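Asks: What follows is a single structure, and I will ask about it in a moment.
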Amino acid sequence: MRKDVRILLVGEPKVGKTSLIMSLVSEEFPQVVPYRAEEITIPADVTPERVPTHIVDYSEAEQTDEQLSSEISKANVICIVYAVNNKKSIEKVTSHWIPLINDNTAKDSRVPVILVGNKSDLVEHSSMETILPVMNQYTEIETCVECSAKNLKNISELFYYAQKAVLHPTGPLYCPEEKR
Ligand code: GTP
Ligand code: MG
C-alpha cells in the first residue's frame with residue numbers, strides 16, 4: 001500500500017492556489033495570503049483515504065523554473081488551477097501547464113492531473129463547456145472540479161479527488177501508443 005500522497009498545485013499567478021490551500025486548512029477564506037503556502041502534511045487519520053497527504057503550493061514569484069520542475073517530478077498528483085473568470089488562465093492549461101508537466105514526468109508513468117476551476121463565486125456561468133473538450137483530449141486528466149476558496153465550495157472535495165486519483169486511478173497506468 002502507498003505510504004503517502006503528494007499533491008502539487010500549479011497554475012497562473014493569482015488564480016487562487018494559496019487561498020485554496022489556506023481555506024482547506026483553516027476552513028475560512030483568508031483575506032491576506034503569502035505568495036506561497038508552507039508545505040502542509042495532513043495526518044492519515046483525518047484524510048478520507050487514511051493516507052498521510054502532503055499539499056505543496058507553487059508560486060512563480062518565489063520559485064525558479066528548476067524548483068518547479070523538481071516539484072512536478074516529485075508529485076503524485078497535480079492540480080492545475082485556473083480562475084473561471086479568467087480566460088487566459090484557462091488557455092494556459094493546454095498551452096503551458098500540460099506540456100510542462102509532460103516534460104517533467106516519466107513517459108511510462110502516468111501522473112494524474114486534476115483541472116481546478118477556482119473563483120466560482122464570481123461567475124454565473126460554468127466553465128465546463130470549455131473544459132470538457134480538454135478533458136477528452138488528455139488522458140492524464142483524471143477529473144475536473146469547479147470550486148471557490150472564498151465561499152469554501154468544493155474545497156474538501158477537491159483534495160479528496162486528488163487523493164483518490166492517486167490511490168484509485170481510473171485511467172490506464174500508461175498509454176501504450178506513447179510507448180514506442
Ligand atoms: P500566486 O501565488 O501569485 O501564483 O497566486 P495564487 O494563485 O496563489 O493566488 P492567491 O491565493 O494569492 O489569490 C489571488 C487573489 O485572488 C487574492 O486576492 C485572493 O483573495 C483572490 N481569490 C482567491 N480565491 C478566490 C475565490 O475563490 N474567489 C474570489 N472571489 N477571490 C479569490
Ligand atoms: Mg500563491
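The values are calculated or read from the model by the stated rules, or taken from the named source; none is laboratory data. Just so we're clear, the structure is a prediction, and the values are computed from it rather than from any experiment. Cβ placement follows ideal geometry from the backbone for every residue including glycine, while neighbour counts extend to all protein chains displayed.
Asks: Out of all the residues in segment 91-110, is one or more under 22 Å from E27 (Cβ atoms) and free of Cβ contacts under 8 Å to residues at least 40 places away in the same chain? It would help to see each step written out before you state the result.
Replies: Let us first name the residues in segment 91-110 that are under 22 Å from E27 (Cβ atoms), namely none.
The answer is no, given that none of the residues of segment 91-110 is under 22 Å from E27 (Cβ atoms) and free of Cβ contacts under 8 Å to residues at least 40 places away in the same chain.
Conditions tested, residue by residue: (1) over 15 Å from the mean Cα position of the chain (by Cα); (2) modelled with pLDDT under 95; (3) more than 14 Å from ligand 1 (Cβ to nearest atom); (4) under 14 Å from L158 (Cβ atoms).
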position: P30; (1), (2), (3), (4): yes, no, no, no
position: E38; (1), (2), (3), (4): yes, no, no, no
position: K87; (1), (2), (3), (4): yes, no, yes, no
position: K92; (1), (2), (3), (4): no, no, no, no
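Asks: Name the residues in segment 40-84 that are within 16 Å of ligand 2 (Cβ to nearest atom), among the hydroxyl-bearing types (S, T, Y) and closer than 20 Å to M22 by Cβ, would you?
Replies: Within segment 40-84, Y58, S59, Y82 meet the criteria.
Asks: Could we say that E157 is out of contact with any strand residue (DSSP E or B) (no Cβ under 9 Å at 6 or more places or on another chain) and not polar (S, T, N, Q) here?
Replies: No, not satisfied.
Asks: If you don't mind, there's one more thing I want to ask. Give the residue that is surrounded by the fewest Cβ atoms within 10 Å (Cβ to Cβ), with candidates limited to residues of segment 1-41 that are more than 23 Å from D121 (Cα to Cα) and in contact with a Pro (Cβ under 7 Å, 6 or more places away or on another chain).
Replies: Going through the qualifying residues, I end up with T41.
Asks: A follow-up question, please. Considering only segment 127-150, how many residues are part of a helix (DSSP H, G or I) and among the β-branched types (V, I, T)?
Replies: So the answer is 3.
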